[in-house]
Amino acid sequence: MDNFEWLNGYDPTFGLHQVDFDNPNRPRTPKRSAVYYAEIIRNNGIPLPKEDEFLYGEFPKNFWWSVATAAYQIEGGWRADGKGLSIWDKFSHTPLKISNDDTGDVACDSYHKIEEDVEMLKSLKVSHYRFSISWSRILPDGTTRYINEMGLNYYERLIDALLAAKIMPQVTLYHWDLPQALQNVGGWENDTIVQRFKEYAELLFQRLGDKVKFWITLNEPYNAAYCGYGVGTAAPGISVRPGRAPYVVGHNLIKAHAEAWHLYNETYRAKQGGLISITINSDWAEPRNPHNQEDVEAARRYLQFLLGWFAHPIFKNGDYNEVMKKRILERSLAQGLKQSRLPEFTESEKQRIKGTYDYFGLNHYTTVLAYNLNYPAGVMSDRSWLNSGSVWLKVTPFGFRKLLRWIKEEYNDPPIYVTENGVSERGAFNLNDTWRTHYHRSYINEALKAVVLDGVDLRGYTAWSLMDNFEWAVGFDERFGLYHVNFTDPNLPRRPKASARFYSQIINCNGSTEAHVCSYSQIPSS
Ligand code: PNW
């Protein structure tokens, strides 16, 4: 119990029970810790809950093991090949420029390092590599008026090098680097972008489609629309955009995706035979207090606003979910608007949008605790969750399995590809990244439970990211790479972190971490 703490008197209290020193009877009250300790004593220890037990086993045969990057994050804004400006060029913090002229920053200089990048992928033994194409490198002003053949040729050489190494490309059309020329006419807020995106997609199907069999139309529409990553407003400190604009952007993103899907489905699928869909990001949301119905509903709202915003129209009925429609209408009217800030789809648009998917692409990193607050929910994290190099990213493997199962149930058991999952570090350079190995080991094990125990149709897993790179609004301080890049050396050398070796072992054993079932290959440390 709380007691006399020597020189410090009664201020520090170490007790499992509180003592009221103002009351002459000195009543004792058990604290939460007393209840918990009693439970430990009763159990003679801390029994591991069944769902937290490690599951030994393997993923299905032909499971895809991949690793991801995005064009602007590894190529930077380098544009001596004729690339046009993108909305990200003005945010570039790249510490290295090839020259001081106007040719832009190089980030990891992947434009000139196809061979090195493919070597890393071969060492990892991935079956697939997810990268994105820079729209303004192919179409400098965003339109098909002028095609930059030099830029297109870079991606052709990359794809050929991958195929020669038996690594299949997974190509994202739009990973946030909108051509500045399109932003100048309103970007994603102008509905002419739907046609522009379709023309850009068509060019890529025509020119790369005989070699690329897995397309992702849009990466994380939520962050593009709501946080401003894809609309030219992202900057340190600006994370969420107010008003109607995000909903208009979201509306056009959904239509652009649907048009690209139909184009591929009707004109290119028969002869090219690939898959095309969208990648949606989502946290898992756990009610802050699971016994409080308001918190349970807040968690559900959070998922419907984050993942459901895009998944409901595409994977369900062509329309926004009821939770969003109701909440946004109520708020809009309460603020004196005549109608909801959330635009509506016409009946024919709904028919056009519904079912425009070949798989469910999922980016997942973390879990939040949701509680009842207006719009759509209040969120916080648990103090005991492990941190990472990014404030928003806590290590919460249990949420991964729950989210996968939720998607299975909510969207009628679609084939799922996880297209990003990973963790960041910041601060001093250290190749021995035990935290990243721990992250992938525990998250991949939760994915395995989703497959084996919950019957989720998971087809592939992708680690974010192949190498340290330009982490958007935060620049180079947060590092997600399996490979370290030395940005102070003009050659930008890449070196494997410990987690790169671990990931190649996981791949080699198809997701199993039992050393005795298969022999591990080693990545030489160069
Ligand atoms: C994703 N958040 O972005 C992107 O697809 C990647 O380009 C990026 O490098 C990676 O995740 C790591 O951040 C996110 O604040 C950005 O919750 C922000 C958040 C989530 C994902």
Handout entry: Angle between the chain longest axis and helix 114-124 axis [Cα atoms, degrees, rounded to 10]
Key = 40 degrees
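Under a 1.4 Å probe, what is the accessible area of the chain per residue, stated in Å²?
44 Å²
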Handout entry: Acute angle (nearest 10 degrees) that the helix 434-452 long axis makes with the longest principal axis of the chain, alpha-carbon atoms
Key = 90 degrees
Handout entry: Ranked by how many other beta carbons lie within 10 Å on average, peptides 56-65, 272-281 from highest
Key = 272-281, 56-65
Practice task
Give the angle, between 0 and 90 degrees and rounded to the nearest 10, that separates the Cα long axis of helix 193-208 from the longest principal axis of the Cα atoms of the chain.
Solution key: 70 degrees
Handout entry: Signed unit charges on C-beta, dipole axis of region 317-400, positive-most listed residue SER388, PHE400, GLY336
Key = GLY336
Problem - Amide H within-cut-off set for THR279, under 5 Å, with H built and near neighbours excluded - result: THR217, LEU218, GLU220
Practice task
Report, in debye and to the nearest 20, how large the dipole of the chain comes out about its Cα centre when Lys and Arg carry +1 and Asp and Glu carry -1 on their Cβ.
Solution key: 680 debye
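Under the classification rounded if a/c is under 1.5, otherwise prolate if a/b is larger than b/c and oblate if not, where does the chain fall, given a ≥ b ≥ c as square roots of the Cα gyration tensor eigenvalues?
Numbers: a/c = 1.71, a/b = 1.38, b/c = 1.24.
Prolate is the answer for the chain, as a/c is 1.5 or above and a/b outweighs b/c.
Tell me, what % of the accessible area of the chain is carbon and sulfur with a 1.4 angstrom probe?
On the chain, the fraction of accessible area on carbon and sulfur atoms equals 52 percent.
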Fill in the blank from the handout: If every Lys and Arg gets +1 and every Asp and Glu gets -1 at its Cβ, then about the Cα centre region 368-425 yields a dipole, in debye to the nearest 20, of 180 debye
Practice task
Could you tell me which of MET1, TYR357, LEU121 has its Cα farthest along the dipole of the chain towards the positive end, charges placed at Cβ (Lys, Arg +1; Asp, Glu -1), taken about the Cα centre?
Solution key: TYR357
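State whether region 323-424 is rounded, prolate or oblate according to the following rule on the C-alpha gyration tensor (a ≥ b ≥ c being the square roots of its eigenvalues): a/c under 1.5 gives rounded; otherwise a/b larger than b/c gives prolate, and the remaining case gives oblate. Don't skip to the end; give the middle numbers.
Numbers: a/c = 2.63, a/b = 1.27, b/c = 2.07.
It is oblate, given that a/c is not under 1.5 and a/b is not larger than b/c.
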Practice task
Just grab the label-to-label distance for THR29 and THR143, each label 7 Å out from Cα along the Cβ direction, in nm (one decimal).
Solution key: 7.2 nm
Handout entry: Inter-label distance for GLU347 and ASP11, nm, one decimal - labels placed 7 Å from Cα along Cα-to-Cβ
Key = 7.4 nm
Problem - Inter-probe distance in nm under a simple model that places probes 7 Å from Cα toward Cβ, at ASP382 and GLN18 - result: 2.3 nm
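With +1 assigned to the C-beta of every Lys and Arg and -1 to the C-beta of every Asp and Glu, and no other charges, what is the dipole magnitude of region 1-73 about the Cα centre in debye, to the nearest 20? Write down the numbers at each step before the final one.
Working: 7 positive and 10 negative charges, 41 e Å.
Here the size comes out at about 200 debye.
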Problem - Label point at TYR36 placed 7 Å out along Cα→Cβ; residues across region 382-406 whose backbone nitrogen lies under 17 Å - result: 382-387
Handout entry: Signed unit charges on C-beta, dipole axis of the chain, positive-most listed residue GLY187, LEU453, PHE429
Key = LEU453
Exercise for the section: Estimate the FRET efficiency between ALA165 and ASN374 by the formula 1/(1 + (r/R0)^6), using the beta-carbon distance for r and 45 Å for R0, to the nearest 0.05. Expected result: 0.30
Exercise for the section: Assign one of three labels to region 376-526, namely rounded, prolate or oblate, based on the Cα gyration tensor with a ≥ b ≥ c the square roots of its eigenvalues; rounded applies when a/c is under 1.5, prolate when it is not and a/b is larger than b/c, and oblate otherwise. Expected result: oblate
Practice task
Could you list, in their original order, any pairs among LYS113/LYS213; LYS316/LYS338; LYS122/LYS213; LYS166/LYS211; LYS408/LYS449; LYS198/LYS255 whose Cα atoms are separated by more than 18 Å?
Solution key: LYS113/LYS213; LYS316/LYS338; LYS122/LYS213
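The values are calculated or read from the model by the stated rules, or taken from the named source; none is laboratory data. Because the structure is predicted, anything quoted here is derived from the model rather than measured. Every residue, glycine as well, gets a Cβ built from its backbone with ideal geometry; the counts of neighbours run over all protein chains shown. The area values use the complete protein model at the heavy-atom level, side chains included, leaving out ligands, DNA and RNA. Shrake-Rupley method; radii C 1.70, N 1.55, O 1.52, S 1.80 Å.
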